[in-house]
Every structure is written in C-alpha cells, then in structure tokens.
Amino acid sequence: MLRTDEIQINIGPQHPSTHGVFRMLANLDGEVVTKVESKVGYLHRGMEKLAESRTYPQFIPYTDRLDYLAAIAANIGYVQTVEKLMGVEIPERAEYLRVIFFELQRIASHLIAAGTNSSDLGGMTPFLYAMADRERILDMFEMTIGGRLTVNLPRIGGIIEPPEEFWPALKKFVDDLPGMIDEFNGIITGNEIFQARTKGVGVLSKELAEGLSITGPVLRASGVKWDVRKNAPYGIYDRFDFEVPTGENGDCFDRFVVRLREMEESGKIIRQAMRDIPEGPTFAKVAKVVKPPVGEIFHRVEGVRGEIAYYVVSDGSTKPYRLRLRGGSFINIQMLHHVVPGWKFADLIAILASLDIVLPECDR
Amino acid sequence: MENSVLLKLVEELAQKLDGEFEASLGTPVLKIKGARTTEALQAARNFSGTPCEFLHDLTAVDYPDRNEIEVVYHLTSLRGPQMIRIKAVVDRNNPVIDTAVRIWPGADFMERECFDLMGVKFNGHPDLRRILLWDDFEGHPLRKDYVTPSVEERKRLRIMQPGE
Amino acid sequence: MGDIASGLIFLVFALLTVFSAYLVVSSKNIVHSALFLALTFVGVAALYVLMNADFLAAVQLLVYGGAVAIMIVFGVMLTLRSGNAQNSNLDSRNALAGAIVSLLTFATLGLVVFTTEPWRKTVDLSATGTTTGDISWLMLTKYVVPFEVAAVLLLVAMVGAIILAKGVNDSK
Amino acid sequence: MPQFGSDIFLLIANWIRGLFGANTYAADVVMDIVKFIMIYVVLVLAVMVFVMLERKVCAWMQLRVGPNRLGPRGWGQIIGDMIKLMGKEDFRPDNVDKWPWALAPMFFLGITIMVFAVLPFGRGMVPVDLDLGIFYILAISALSVLPVVTAGWASNNKYSLLGGMRSVAQMISYEIPLVFSLLGVVMITQTFKTSAIVEAQQHVWFVLLQPIGFVVYVIAAMAEINRAPFDLIEAESEFGCGYFTEYSGLRFGLFYLAEYANLFLISAVAATVFLGGWQGPFLPGWLWFAIKVLFMVFLIMWFRWTFPRFRVDQLMHFGWKVLLPLSLANIVLTGVGIYVYQLIFPGIGG
C-alpha cells in the first residue's frame, strides 16, 4: 500500500456550503476525510447573557434572531415558556393561530433545507424552486406583521391576528403544497445522481443519535419515532391528527425525505387548524409588566432543526435570572465528528447539508 | 399516572444520594452534591418503567450569594413524556464536576459550552476547551459577577494581537 | 519562399524543443522541469508535423503530451514536500558522467541512423494514400506480432502497476 | 454551383484569393491569417452568446427572468459581462508559482482554439482539412489537462490543488470513452477527416447509426470539459472554485472563455460527427451547423441546471465501469454491423 500524506483543509468560516460562518477543520487523505473538527462560535452574541438584562417581553425579538429561517418557532417556544411559568392561559384562537404559523414556518424552513441540500450537491435549480415556494409563506408573514424573516409574531399572552387576505392565501398555499412536494420529489428525490450521492451516506445509527442528544428530523431519520408534538404535546397539538415520519437507515437520503414528509404533515395540521379554528380574541389579559413568580421552568417545543428548549430561572423580577436556550443545531453538529470520518470529502458536504444547521441558533 | 411513579423514583433516589427533592411545576427536581452526579445520572438513566435516558440539556446557573454554581441536567426520554431535572451543586470558587461524556457522548459540546461560559471544569472530558469564545478570552461571561467590558475595551480586544 | 518559411518554422520549433529540454535539466524547481518536459514533448510533436509524420505527431501529443507528461507533472507535484519547491531539483554532482552518457547515447543513435541504408527511408507502400492508412496496414500485416507482443507487455505492466499501488496483501 | 446566401463565406474567400491573382502562395498565407482571425472572432462571439444563453436558460429553468436590464431584453449584458471582467483587478496572490500560474490560463485557451482549426463550419468551410481531423481533435484536447493541473498546483492553495488532482483523474479517465465513442463513426466512414465524415452523413446522420456512441460521447465530453454534473473540479460547494480559485480579472476571464469555448467545441464535434454537420435542407450549411451547435449547447445546459453533482468515486466508477464497457461494446457492434452490411451489399465500402 502506498503511503500518502494527509492534508488539513479549512472549510469555512466563509465557504459556500457551510451556510454561514461555520468552520470545519478536515484532515483529508486524498479524498477521504480522516478527521473533522467543527469550530463554532463565530456568531456568538451572548444571547443568554443579554437575556439577563432584558425584560421578558423585550427578549422576544432576540428569539427571532436565533434561527433566522424559523423565527416563529423560537418565538412561540419562548412565549410559551414564559406563559407556562406565569400560568397564563391564552385564548383558543391564539393557540390555533400559533399552530398555523408554527407549521407554516416549519414548511418554509424545510423548503430551504431541501433546496440547500440539493444545491450543496450541485443542483442549483431545486434551490430556486424552494425559494419561490417559500416566498409565498413569507408573503403571508408580511401580510400579517410586515416582517418576512424575523417576524416576531407572538406576544406573551397571545398572537397577532392575521388580516382578511391571509386566509385565502393560506388556503391556496395548503392546496398547492402537495403539488410542490411532488415537484420536489420529481426533480431531486427521484434523481439517480441525488440518490447515489445520499443513499447509504453518512449513516447515523439509532443508538448514536440517542447518545448524541440529537433531536428533530435528524433523529427521526435514524428511525426514532419521537416528536414532541406527538409524544409530549404542548399547546393544542394533541388535537391534531398527523403522522411522525421516520427514516430507516439514518442516511442523508432519509434525512432529506423525512423533511419532505414533515412538510406534508405540517400541511395536514394546517388544514385541520383552519377547519377547527374558532372565532374570538387572540390575546389573553396579561399584566402590562410581566413579572413571573419565583421558579424555574423547562419548556421544549418541536423546533424545525431539533427541539428548542428554554430553561428560565425567575427570581420574581421583571428580568430572567438565567435563561438558557437549547437549540437543535448546536447539539446536532456533534454528529459530524462521529459520522464523517471515513467518508469522502464530497460526502462531508452532503452530510452537513442533510444536517441542516443554522449558525445563529448554534452560536446563540 | 406515570408522573407519580417518576416522582416516587426520584424521591427514593434523593434519599439514597442525600439530595433534596422537590417538584417544580410538575417536574421532579433532584438537587445533589456535585460529587454524586455520575451516580445520579446513571440511576436516572436506568429508572425502571420510566427511564430518563436522553440527555436533553446541560447547563449551569450561577448563585454568587450562595457561593454555588448549579450544573443543571435535563433528562428526558424518547419513549415517553417523562422529564427530570438534576441539579448538581458545586463550589463556586472551584467548580469541578465529573463529566457525562462517558454516559452520553453528546454531552461533549454542552459541557464545553458550560466550561466556556460558566467556568465549570468537567473532570475526564476528552477535550475541554472554549467553544463559543476565543481561546484566550478571560473570564466566564455567564457568571453574575462578570463585568462586560466597555465599548472601548471591546474595540481594543477586537484588534488582533501580533502573533495570533 | 515556402521553403524559407518552413525552414524558419522548423528552426523555431527545434530551438523551442532544445531550449526547453535544456531547462528541464537546468531548472532549479523540479515542477518547472516537469512542465518544460511537457513543452519538449509538444515541440517534438511539432517537428514530426514538419516531417510529414502527422499521425506520429498526433500520437506524440496524445501519449506523451496528454498522458506521460501529465503523469510526471502530477507525480512530481504531489510527492513534493510543500515549501521547498523553489529549490527542489537536486544539483547533481555527476554532471560529467551524465554528459558522457548522453553523448554516448546520442552517438549510438546517430550511428544507427546513418548506417541504415537508405537512412531516409520512405514507405512507398501507400495502400491507402494516407500515413494513417499505411501505418495501420503495416501494423496489422507485417508487424502484427510485435504489435500484439507490445500489447501483452503493456497489459502486464498495467497489472503490475495495479498490484504495486494496491498492495499484495490487500488484494488477497 | 455555390449559391449566394448559402455559400457567402466561400464567395468572400474566393474574392480574397482572387486579389492575389496567380500568386497562390501569398493567397494561402493571407487566407491562413484570415482563417485564424475568423476562428477567433467566431469563438469569442459564440462564447459571448453562450454565456448569455447560459444565464437565460438557467433563469428559464429556475422560473426566473435572468438578466433583463442592459439592452433589449437584457442582451446588452453580454457587453457588460465582458467589460466587468476586463475592468477587474488582476490580483496575484503571494506565494503563487509565478510563471506557471500566469501562463496556465493562456495555454488552456490556446489549446482549445487550436482544435477549432479542423471543424467544418459549413460546406467547404474547414479552416484546415486535415486527414487526421478527429484524431487531431483528441490529441490536442488531451493536452488541456496540463494547464488545469498547473493552475491548480501553482495557485498554492489547497482547494486549487484538490481541484487539480481531481481534474487529472477525471479528464484522463473520460478521455478513453470519449476516444472510443468516436471510433465507431471512424470505422463506418473509414476516415478521420471531418469534412469526409460530414459528407458521409448526407442521407443518414450517424446519431441514428451510432446511438450508443452518441450518448457515450455526450456524457464523456461533458465530463472532459467539467460541465455539471461532472463539475467536480470546480465544485463550488466543496472547493470554492477549484483550480481557478486564485484567479481574478482577465486571467479568470480566460478560463471562463476557455470553458465556454470547450462547450462550443464539444457541441461542434457532436454536430459534425453525429448530427450531420452542415448538412440540412433549405438553409445554408453554416446556419445548419450553428443551429445544431446551439441545440447541443442547450442540451448540455439543460443537464447542468437539472442534475446534482456526482461524487468523485462515483464519477470514476461511472467512467470505467459503465462508459468504457459501453463504448467498447459499441465498437464491437459497429464492427459486426459493418461486416453484416458488407455481406448483404457486397462491394460497398472497403
């Protein structure tokens, strides 16, 4: 066997396929990755520290900036945490609206995930398709609150009521959604090259996924049927009928397919929510100054990239004593160290793409 | 109800490890000495009937008035909705605790973050370095007595020192 | 006028070939040597064209320019330790011996060429009217045995190369 | 008889030759220069159109509008792109190997341009009608690996080096099926001469006689010029820009030009060898040629904007285990076919 030298190559922090300022230090033996070390923290803003000097409502906009592709997921997670700590019940309509917006955001984010997954593998066109489809969701957000990316919809005690024209747009979108997913299945999922690039690549076993505390679609792709919405419901998720899609092999292809199927399920949830949504107010009566009692709360929601959990320690003042954010990306990244060695350099990109991390959420 | 079983299990565990037990908003909370962490985690992982085998979150809270740092473990399960919170109390001046990496490889990053921001040292961690902040950062920002540098100071910090 | 022009072109390519051949041995950077070697091959191909050996020229480009030179360049580039490319060509202390060997080789070749009668042998077989046709005709009739022997030899060499690269133990 | 309109370029050529009267040598020299300039002009114009076409085709595939600001329907963008490339700073990083780095793009383009000399652009419009036409194309394009690997190495950048390494593996591997795929046509026509191959397709295009050869050729040629889905050499999601990561300004422009010139080249060879070259009814030959080239260019762009990228080992497997056996089988089939044909129609062919 010919002996060869390894080269160490820096991928990022500015690199087309790291989706932000993520840096990997990969050792390559020819094309084979022998070791990879991920370096995060380029986008660390000290959110947890910032929270300690902000009042509870003031922190809501910060959660937008946590995961810029799924702002509402982090928003809703946060306001639900504070509400649970304060013991506030919000009106039915607000709960339904939260579910609708949460699932819309999930679809929007998974569209980006699917698109960038494809573009990282060299297929640019599906990415643009995804963007065009996502545009419709962003338009709906814009109708409601004016923002598109960092939307900041929910408040402690309720959510903004969307305008009249939101509902026909939503209905049309949900009706078109299966068509969009079919289109995706046609252009990417069914593509021979895409399958060759992703099937059997970067297999994350069930045991390893559990040991690594991985959550979200990545966990489900490894065959664990676990979804907080289903198994430990929060809000009104126990009222909806939906499937938890899981993969079998835990490879990149499964991770991709699980996301596509989650979009379908989200569409189902939205349809049910649209059917059942009652009329009424969307805000509960909450004191102007939010002052939760002394105590601690750990609340998790099924975020887009993994479970988003907030651990809030309150000392009875208007500001949290300690606020801990647990995002999916930061913990899911650890998978790279365990899975990537032995795969080709191009597979590293494929695995990273299938992991679908968002750096602000990772670095916080 | 499953939750009552869990509460009882945690209460028993608390007695075994001379820890305190309480239920905060329905979540069983176990407060123990830092030295007994590994035992507690292993026991919680192997609760019969309601094992909490999934390390959901690992963080720390600083209590300067008590001169304590609490390392907080949130354990959940992928089989059911159970969740427990284990708080390991360590001395604030010398926060040392055993690592959980041997039980959950996924504790790696969370412990590094905890070390980085709170200054808790994890015994036996394979690679305990700063993760979010840069290597020669001084102090641990999430501690309550950390003084945020002034804008001028931060500007100075931003300039790369020669040899970096 | 045409003779002058072709003479000039010959001169240009001959000089290019000789000069780049000189640089192959004199360059301090071994990668540059390898690149000049590629240039030498191309120059030789151009000389073949001027001798109306167009098929040979194309083969020279395809085999030497397109394959051999690249293998050499590639091998040199990749086996080179980074950082010392500027001074990587070993300064041989055996320049004299090298010169003698080269001269002897040159003399031998010259002897062979000039003692073969007639030394400018032209094939007048012209079964097809083109050089390619002639060569293929000769290869598949008169020289079919050497042709096949060469093919077998290349096959053996290829198998050997694969075994060398893969390692004997691995293949078992 | 040459008709006005269909053979306008031949008329011009004859007119130029006529200016020199009996002095055929001077006429030859002048005509060679004119041909060279014409190749260059056609090439640059074609590349400009292709660049624009690529942007338009990709926009069309991706439900976008594409460039639409400069000039009518955005076609002024052609000029804008060029001015932008020329106006950029020619930035040379420290620690590059200066001469190889600087010369690589020029050689890359030069090699590509050389190949155009043997392409029949229309009836009687072969700049140099070599006996060895096809073989010459293959021989010269074999050289184009060298500038790529030189550029990759001389840039002194790991991304570039990895790109260069891949280029060698890829281009050499796919050259073999590329050569063999053209061999079927050569066997049928019994000549390497491009003009003769076009003449032979007067009644039936070789794409019908050599469907396997055509498919293998298109795939191998796309790999040979590093177009997606075989653009591993410059896989931007992996290596930034591969071997030309460190180039900017006009040097980058040369690579860019060469890349599209290569696209033109493989489309032109495909049109010549498989699609009947300039043969076609009603329209002048050079126009037919242009249409066929554009069709091939469009086809290849279509592939680029719909397929993801291969992985390096899959690429190798595909080349060696699928394309090579296919092209070899094609040669055997062609041989058998010719033999059977001669049994049925004795006396035809040689």
Exercise. Taking the range A:308-325 as the region of interest, how many residues are within 24 Å of the chain's Cα centre (by Cα) and of a type in the set (Lys, Arg)?
Worked result: 2
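Within the range B:55-112, how many residues turn out to be of a type in the set (D, E, K, R) and touching a strand residue (DSSP E or B) at 6+ places or on another chain (Cβ under 8 Å)? Walk me through how you get there before you give the answer.
Our first condition is that a residue be of a type in the set (D, E, K, R); within the range B:55-112, this holds for B:57, B:62, B:65-66, B:68, B:70, B:79, B:85, B:87, B:91-92, B:98, B:102, B:108, B:111-112.
Within this subset, residues satisfying the condition of being touching a strand residue (DSSP E or B) at 6+ places or on another chain (Cβ under 8 Å) are B:57, B:62, B:68, B:70, B:85, B:87, B:91-92, B:98, B:111.
Of the residues in the range B:55-112, 10 are of a type in the set (D, E, K, R) and touching a strand residue (DSSP E or B) at 6+ places or on another chain (Cβ under 8 Å).
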Exercise. Given the residues A:133, A:120, which is the only one that is within 21 Å of the chain's Cα centre (by Cα), over 24 Å from residue A:243 (Cβ atoms) and in the same structural domain as residue A:355 (by TED's automatic domain parsing)?
Worked result: A:120
Problem set entry | Evaluation of residue C:11 against (1) surrounded by 17 or more Cβ atoms within 10 Å (Cβ to Cβ); (2) at pLDDT 80 or above; (3) not hydroxyl-bearing (Ser, Thr, Tyr) (one fails), failing number | (1)
Exercise. If you take the residues of the range B:55-76 that are farther than 14 Å from residue B:40 by Cα and touching an Asp or Glu at 6+ places or on another chain (Cβ under 6 Å), which of them is surrounded by the most Cβ atoms within 10 Å (Cβ to Cβ)?
Worked result: B:69
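If you take the residues of the range D:16-52 that are under 15 Å from the mean Cα position of the chain (by Cα) and within 18 Å of residue D:114 (Cβ to Cβ), which of them is surrounded by the fewest Cβ atoms within 10 Å (Cβ to Cβ)?
Within the range D:16-52, the subset under 15 Å from the mean Cα position of the chain (by Cα) is D:39-40, D:42-51.
Filter once more, so that each one left must be within 18 Å of residue D:114 (Cβ to Cβ): D:39-40, D:42-44, D:46-47.
On the way: D:39: 19, D:40: 12, D:42: 16, D:43: 20, D:44: 15, D:46: 22, D:47: 21.
If we take residues in the range D:16-52 being under 15 Å from the mean Cα position of the chain (by Cα) and within 18 Å of residue D:114 (Cβ to Cβ), then D:40 is surrounded by the fewest Cβ atoms within 10 Å (Cβ to Cβ).
Restricting attention to the range D:183-220, which residues are polar (S, T, N, Q) and touching a residue at least 40 places away in the same chain (Cβ under 8 Å)?
Taking the range D:183-220 and keeping what is polar (S, T, N, Q), we get D:189-191, D:194-195, D:201-202, D:210.
Across the range D:183-220, the qualifying residues are D:190, D:191, D:194, D:195, D:201, D:202, D:210.
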For this session: For residue B:66, state whether it is within 13 Å of chain A (Cβ to nearest Cβ), over 11 Å from the mean Cα position of the chain (by Cα), over 28 Å from residue A:208 (Cβ atoms) and in a loop (DSSP other than H, G, I, E, B).
Result: yes
Exercise. With respect to the numbered conditions (1) farther than 30 Å from residue A:157 by Cα; (2) at pLDDT 85 or above, which one is the sole condition not fulfilled by residue A:125?
Worked result: (2)
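Can you tell me which residues in the range A:24-64 are closer than 21 Å to residue A:339 by Cα, buried (at least 18 other Cβ atoms within 10 Å of the Cβ) and of a type outside the set (S, T, N, Q)? Spell out how you get there, then give the answer.
Step one: of the range A:24-64, the residues closer than 21 Å to residue A:339 by Cα are A:24-40.
Next, only the ones that are buried (at least 18 other Cβ atoms within 10 Å of the Cβ) stay: A:24, A:26, A:28, A:31, A:33, A:36, A:38, A:40.
Hits for the range A:24-64 are A:24, A:26, A:28, A:31, A:33, A:36, A:40.
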Exercise. Is there a residue being more than 14 Å from chain A (Cβ to nearest Cβ), among the small types (Gly, Ala, Ser) and more than 24 Å from residue D:142 (Cα to Cα) anywhere in the range D:197-206?
Worked result: yes
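Sort through C:31, C:44 and tell me the only one that's within 15 Å of the chain's Cα centre (by Cα), within 14 Å of chain D (Cβ to nearest Cβ), crowded, with 19+ Cβ neighbours inside 10 Å and of a type in the set (A, V, I, L, M). Break it down stepwise before answering.
Numbers: C:31 fails: within 15 Å of the chain's Cα centre (by Cα).
When all the criteria are applied, what remains is C:44.
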Problem set entry | Selection status of residue B:31, within 14 Å of chain A (Cβ to nearest Cβ), surrounded by fewer than 20 Cβ atoms within 10 Å (Cβ to Cβ), in contact with a Phe, Trp or Tyr (Cβ under 9 Å, 6 or more places away or on another chain) and at pLDDT 80 or above | yes
For this session: Answer yes if at least one residue in the range D:168-186 is under 15 Å from the mean Cα position of the chain (by Cα) and among the β-branched types (Val, Ile, Thr), and no otherwise.
Result: yes
Problem set entry | Single condition residue A:47 does not satisfy, out of (1) farther than 22 Å from residue D:160 by Cβ; (2) not assigned by TED's automatic domain parsing to the domain that holds residue A:118 | (2)
Exercise. Out of all the residues in the range D:159-184, which are farther than 23 Å from residue D:266 by Cβ and either away from chain A (no Cβ under 12 Å) or small (Gly, Ala, Ser) (or both)?
Worked result: D:160
For this session: Count, please, the residues in the range B:20-45 that happen to be more than 15 Å from residue B:82 (Cβ to Cβ) and either of a type in the set (Val, Ile, Thr) or in contact with a helix residue (DSSP H, G or I) (Cβ under 7 Å, 6 or more places away or on another chain) (or both).
Result: 6
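Identify, please: which residue in the range D:184-235 is among the β-branched types (Val, Ile, Thr) and touching a Gly at 6+ places or on another chain (Cβ under 7 Å) and is, among those, nearest to residue D:169 (Cα to Cα)? Walk me through how you get there before you give the answer.
So in the range D:184-235, the residues among the β-branched types (Val, Ile, Thr) come out as D:185-186, D:188-189, D:191, D:194, D:197-198, D:204, D:207, D:212, D:215-216, D:218-219, D:225, D:233.
Now drop any that are not touching a Gly at 6+ places or on another chain (Cβ under 7 Å), which leaves D:185, D:194, D:198, D:233.
On the way: D:185: 27, D:194: 29, D:198: 33, D:233: 10 Å.
Ranking the candidates gives D:233 first.
Just the residues that are touching a residue at least 24 places away in the same chain (Cβ under 8 Å) and surrounded by fewer than 19 Cβ atoms within 10 Å (Cβ to Cβ), please, taken from the range A:156-165.
Keep residues of the range A:156-165 that are touching a residue at least 24 places away in the same chain (Cβ under 8 Å), which gives A:156-162.
Once the filter is applied, which keeps residues that are touching a residue at least 24 places away in the same chain (Cβ under 8 Å) and surrounded by fewer than 19 Cβ atoms within 10 Å (Cβ to Cβ), the range A:156-165 yields A:160, A:161.
Are there helices (runs of 4 or more DSSP H) fully within the range A:119-235 with at least 1 residues that are touching a strand residue (DSSP E or B) at 6+ places or on another chain (Cβ under 8 Å)? List them. Break it down into steps so the answer makes sense when it comes.
On the way: elements: A:124-145, A:166-184, A:192-198, A:206-211, A:217-221, A:228-231.
Qualifying helices (runs of 4 or more DSSP H): A:206-211, A:228-231.
Go through the range A:244-262 and give me each residue that's in contact with a Phe, Trp or Tyr (Cβ under 9 Å, 6 or more places away or on another chain) and surrounded by fewer than 19 Cβ atoms within 10 Å (Cβ to Cβ).
Residues of the range A:244-262 that are in contact with a Phe, Trp or Tyr (Cβ under 9 Å, 6 or more places away or on another chain), as a first pass: A:244, A:246-247, A:253, A:256, A:260.
Within the range A:244-262, A:244 is the sole residue that qualifies.
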Exercise. Of (1) buried (at least 22 other Cβ atoms within 10 Å of the Cβ); (2) at positive phi, residue D:282 satisfies all except one. Which?
Worked result: (1)
Exercise. Where residues in the range B:82-100 are more than 12 Å from the chain's Cα centre (by Cα) and among the hydrophobic types (A, V, I, L, M, F, W, C), which of them is surrounded by the most Cβ atoms within 10 Å (Cβ to Cβ)?
Worked result: B:84
Seminar exercise, completed: Exception for residue D:288 within (1) out of contact with any Pro (no Cβ under 7 Å at 6 or more places or on another chain); (2) surrounded by 22 or more Cβ atoms within 10 Å (Cβ to Cβ); (3) not in a helix (DSSP H, G or I) falls at (3)
Problem set entry | Where a residue in the range A:321-336 is facing another protein chain (nearest Cβ under 7 Å) and within 11 Å of residue B:106 (Cα to Cα) and its partner, wherever it lies, is part of a loop (DSSP other than H, G, I, E, B) and charged (D, E, K, R), with Cβ under 8 Å and at least six apart | A:330/A:364
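In the set D:135, D:116, D:180, which member is without any contact (Cβ under 8 Å) to a residue 60 or more places away in the chain and part of a helix (DSSP H, G or I)? If you could, list the steps in order and put the result at the bottom.
Values: D:116 fails: without any contact (Cβ under 8 Å) to a residue 60 or more places away in the chain; D:180 fails: without any contact (Cβ under 8 Å) to a residue 60 or more places away in the chain.
Being without any contact (Cβ under 8 Å) to a residue 60 or more places away in the chain and part of a helix (DSSP H, G or I) holds for just one of D:135, D:116, D:180, which is D:135.
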Exercise. Within the range D:145-158, can you find the residues that are surrounded by 24 or more Cβ atoms within 10 Å (Cβ to Cβ), in a helix (DSSP H, G or I) and more than 7 Å from chain C (Cβ to nearest Cβ)?
Worked result: D:147, D:148, D:151, D:152, D:154
Exercise. Restricting the first residue to the range C:139-160 and requiring it to be over 23 Å from residue C:55 (Cα atoms) and hydrophobic (A, V, I, L, M, F, W, C), which pairs with a second residue that is at pLDDT 90 or above and assigned to a loop (DSSP other than H, G, I, E, B) meet a Cβ separation below 8 Å and a spacing of at least six or different chains?
Worked result: none
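The values are calculated or read from the model by the stated rules, or taken from the named source; none is laboratory data. Remember, predicted model here, so these are calculated numbers, not experimental data. When we count neighbours, we look across all protein chains shown, and the Cβ atoms used for this are built from the backbone with ideal geometry, even at glycine.
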